[in-house]
Structure formats: C-alpha cells, structure tokens
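First up is the structure itself, then whatever we jot down about it.
The values are calculated or read from the model by the stated rules, or taken from the named source; none is laboratory data. Please read all numbers here as calculations on a predicted model, not as lab measurements. All Cβ positions, glycine included, derive from the backbone under ideal geometry; neighbour counts span all protein chains shown. Heads up: the accessible areas ignore ligands, DNA and RNA and are worked out on the full protein's heavy atoms, side chains in. Shrake-Rupley method; radii C 1.70, N 1.55, O 1.52, S 1.80 Å.
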Amino acid sequence: DQQVKQNSPSLSVQEGRISILNCDYTNSMFDYFLWYKKYPAEGPTFLISISSIKDKNEDGRFTVFLNKSAKHLSLHIVPSQPGDSAVYFCAATNTGTASKLTFGTGTRLQVTL
Amino acid sequence: DVKVTQSSRYLVKRTGEKVFLECVQDMDHENMFWYRQDPGLGLRLIYFSYDVKMKEKGDIPEGYSVSREKKERFSLILESASTNQTSMYLCASTLDQGMDGYTFGSGTRLTVV
C-alpha cells in the first residue's frame, strides 16, 4: 500500500523553464513533508521541507506547495538548470510519533539545453 | 557536516550466503535507518533504530535483521541472501524526528547471484 505516490516517473524540461514535480499522499496523519534529490551512485540529499501548518515554503529556486485538502504537494524549480537533472523523492512523516520517513517512488527530472 | 559511511559500494554475493552491510555515522545521531531502493518502488524502509540495542521493523523487514551495538554503527544482515534482495541499500541517520532531513550514505549496490 503506497502511502506516498509520485505518479510521473519522469519529466523533461528545458533549461530556464519551470519544473513542477507532484506528489500525493493518502495518510491524513502525515504532518511534515520533505523533498530529496538523488544523483546516480550517491545517497539522496535533503532539498526542502514543509510543515502542514503552512501551504508554501520557498528556498531560492525551490518552492514547495502543500494542499492539505487534496493531500497533494508539489515542488517547483524556477528556473530549471542542467544540474537539477536527478531523481526527486517526496517523503512524509508524522512528527508526533516516529522519525521514520515514508518515501514516494521518485520522479526522474531531465533538464535539457 | 554529518557523514554517513557505508562500507561497500558494490557487493556480489551468492544465493544462501549471509551478508553484512555496515553503516557508520560520525555525528552522534540517535536515529538510524536502512532503506532499499528499487526502480518504480522508491525507497522502502527495512529497519530502523532509535538507540543502541533498539530496533524497529520497517515496512519490509522479511529476510533481514539488524544490529546496533554502538551508537555510531548500524548493521543490516541478510540471513540467507536471495536474488530478490538484489537492490541498492541506503543507510541514513538523523538527530531528531527527521524534520531537518536524513543524512544518507552513498549506498551499497548488492547483487545476489
């Protein structure tokens, strides 16, 4: 039972354009959400997070939006750069219980020149 | 910076062998995790640990066990390796409830033949 889903396995975007990566979750107990970026042969690295008390969090070129009623979050990258090409995982947790994260299936982003 | 080190980048083992995957972190983190990454399935939690000698089952613990005798070291054990355990294994650690994100190791690519 996949509690965190990324329905797009891959996405191709031109350099300079906006990349939008989507993530849906089913567990209403999740109250904290994170995005990770993974390059081949490396471990995932933390990118940005958002608490369920917010609907938006911004960090430079990266913005995460949360729609709690739809159980949906998205990561916007503006402008996209070739170095952003990687696999992106969204993750969710319930901060009141354990520290374990539930990850989505990942979206491979390719930023083309 | 926190460093999480996985002892092997690549391993090839035979079916039925007992396999040990080692993970060491250098920042006194309480929480440590083992995930496996498979195409189309994302990262799935195998086991985690909140403290020395403490362990909790994740979502897919079958066929695995863990050991945490020292705070900095968390070992994943495949009791009798099988071909369906061929995967990328990722170790992670975090200080608190994961709200600052996990720090991952670079991963161990295990092939069971």
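Based on the Stokes-Einstein relation at 37 °C and a viscosity of 0.692 mPa s, and on the Kirkwood radius from alpha carbon pairs, chain B is assigned a translational diffusion coefficient of 236 µm²/s.
Measuring heavy-atom accessible area with a 1.4 angstrom probe and counting protein chains only, the residues of segment A:22-46 that give up at least 20 Å² relative to the chain alone are A:Tyr32, A:Tyr36, A:Lys38, A:Ala41, A:Gly43, A:Pro44, A:Phe46. A dipole drawn for the protein assembly as shown from +1 and -1 charges on Cβ atoms has a positive end, and of B:Val19, A:Val13, B:Thr111 the residue lying farthest that way is B:Thr111. Among the listed pairs A:Lys5/A:Lys54; A:Lys37/B:Lys55; A:Lys5/A:Lys37, those whose Cα-Cα separation exceeds 24 Å are A:Lys37/B:Lys55. Mean per-residue shielding of peptide B:39-51 is 4, counting Cβ atoms of other chains within 10 Å of each Cβ. Counting only residues at least eight positions apart within a chain, or on another chain, the aspartates and glutamates with an alpha carbon under 20 Å from that of B:Lys3 are A:Glu42, B:Glu22, B:Asp26, B:Asp28, B:Glu30, B:Asp51, B:Glu69, B:Glu72, B:Asp96, B:Asp100.
For chain A, the relative contact order comes to 37 percent (Cα pairs under 8 Å, sequence separation of at least 6). Counted by Cβ distance under 9 Å from B:Thr5, the other residues give a net charge of -1, where Lys and Arg count +1 and Asp and Glu count -1. When the alpha carbon gyration tensor of chain A is reduced to an equivalent ellipsoid, its three semi-axes come out at 23, 15, 12 angstrom, largest first. Comparing B:Val12, B:Val52, B:Val66 in a Gaussian network model of chain B, where Cα atoms under 10 Å apart are tied by springs, the biggest mean-square fluctuation is seen for B:Val12. Each Cα pair under 8 Å and six or more residues apart adds its separation to the average, and for segment B:26-113 the resulting relative contact order is 29 percent. Across all directions, the average projected area of the convex hull around the alpha carbons of the protein assembly as shown is 12.1 nm². The Cα center of segment B:39-113 and the Cα center of segment B:1-28 differ in position by 9 Å.
Buried area at the A:B interface is about 1800 square angstrom, summed over both chains, from accessible surfaces computed with a 1.4 angstrom probe.
Averaged over its residues, chain A has an accessible area of 47 Å² per residue, based on protein heavy atoms and a 1.4 Å probe. Isolated cysteines of the protein assembly as shown, defined as having no other cysteine beta carbon under 4.7 Å away, do not occur.
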